[in-house]
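The values are calculated or read from the model by the stated rules, or taken from the named source; none is laboratory data. As the structure is a computational prediction, the values presented were derived from the model and not from experiment. Backbone-built Cβ (ideal geometry, glycine too); neighbour counts: all protein chains shown. Ligands, DNA and RNA are excluded from the accessible area calculation, which covers all protein heavy atoms including side chains. Shrake-Rupley method; radii C 1.70, N 1.55, O 1.52, S 1.80 Å.
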Amino acid sequence: MTALLYIGITIATVLFMEFVAWFAHKYVMHGFLWDWHEDHHLPHHEKDGFFEKNDLFFLVFAIPSMASYIIGSVTPHFWVLFIGVGISIYGLIYFLIHDVYIHQRFKWFRQLDSKYSRAILRAHGAHHAKREKEDGESFGLLIVNPKYFRKRSEWKQEAS
Ligand SMILES: [Zn+2]
Ligand SMILES: [Zn+2]
């Protein structure tokens, strides 16, 4: 039974992290920490080097994860460790989908193609269509507006 509980905590944390990432992206990264996120919205040719200032957010999200590992290990609350596991898994998913699949920082699984993967590309593409801090759209990563499952030409018509 406990194993199921730990798996449940891990899955719940992964799902909750999509909300946390959406919230942080919308209100923190496009808010008072725009200065760290701005270079992620630069077009490719205006960037230099492999790293972006935006990568600092990976370190920021590593803090609650590490804290959970420590609390889970040194206190009687072992279950807290699985919050840390969930945050790590989400971080890995985020890296693989956002940094590798969408932005192709590594040339892996570019051939991936499905209705869902296209929807994610369209949604994040719509987010990157704006280079400014304000009036962005589509701040989440894995949960996207259903309109992105249709072709861009179709949902643009609908909006006008
Ligand atoms: Zn952004
Ligand atoms: Zn991006």
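Would you confirm whether any residue within the range 105-112 is within 16 Å of ligand 2 (Cβ to nearest atom), in contact (Cβ under 8 Å) with a residue 12 or more places away in the chain, in contact with a Phe, Trp or Tyr (Cβ under 6 Å, 6 or more places away or on another chain) and under 17 Å from P43 (Cα atoms)?
Looking through the range 105-112, none of the residues is within 16 Å of ligand 2 (Cβ to nearest atom), in contact (Cβ under 8 Å) with a residue 12 or more places away in the chain, in contact with a Phe, Trp or Tyr (Cβ under 6 Å, 6 or more places away or on another chain) and under 17 Å from P43 (Cα atoms).
How many residues are surrounded by 15 or more Cβ atoms within 10 Å (Cβ to Cβ) and touching a Lys or Arg at 6+ places or on another chain (Cβ under 6 Å) if we restrict to the range 11-52?
Total meeting the criteria: 4.
Any residue in the range 1-21 that is touching a residue at least 12 places away in the same chain (Cβ under 8 Å) sitting within a Cβ distance under 8 Å of a residue that is charged (D, E, K, R) and surrounded by fewer than 16 Cβ atoms within 10 Å (Cβ to Cβ)? List the pairs, counting only those 6 or more apart or interchain.
Nothing qualifies.
For the structure I just gave you, tell me whether V85 is crowded, with 17+ Cβ neighbours inside 10 Å and either within 15 Å of ligand 2 (Cβ to nearest atom) or not charged (D, E, K, R) (or both). Even if it seems obvious, please write down each step before you answer.
Working: crowded, with 17+ Cβ neighbours inside 10 Å: yes; either within 15 Å of ligand 2 (Cβ to nearest atom) or not charged (D, E, K, R) (or both): yes.
So V85 passes the test.
Scan the range 76-134 for residues that are farther than 23 Å from L56 by Cα, in a loop (DSSP other than H, G, I, E, B) and not polar (S, T, N, Q) and jot them down.
Result: P76, H77, F78, W79, F109, R110, L112, D113.
Residue pairs, Cβ under 7 Å, 6 or more apart or interchain, first in the range 114-133 and within 15 Å of ligand 2 (Cβ to nearest atom), second of a type in the set (G, A, S). List them.
A123/S138; H124/S138; A126/S138; H127/G136; H127/S138; K130/G136
Of everything in the range 53-82, what is open to solvent by 50 Å² or more (accessible area, probe 1.4 Å) and in contact (Cβ under 8 Å) with a residue 24 or more places away in the chain? Give them in sequence order.
Within the range 53-82, F58, F61, W79 meet the criteria.
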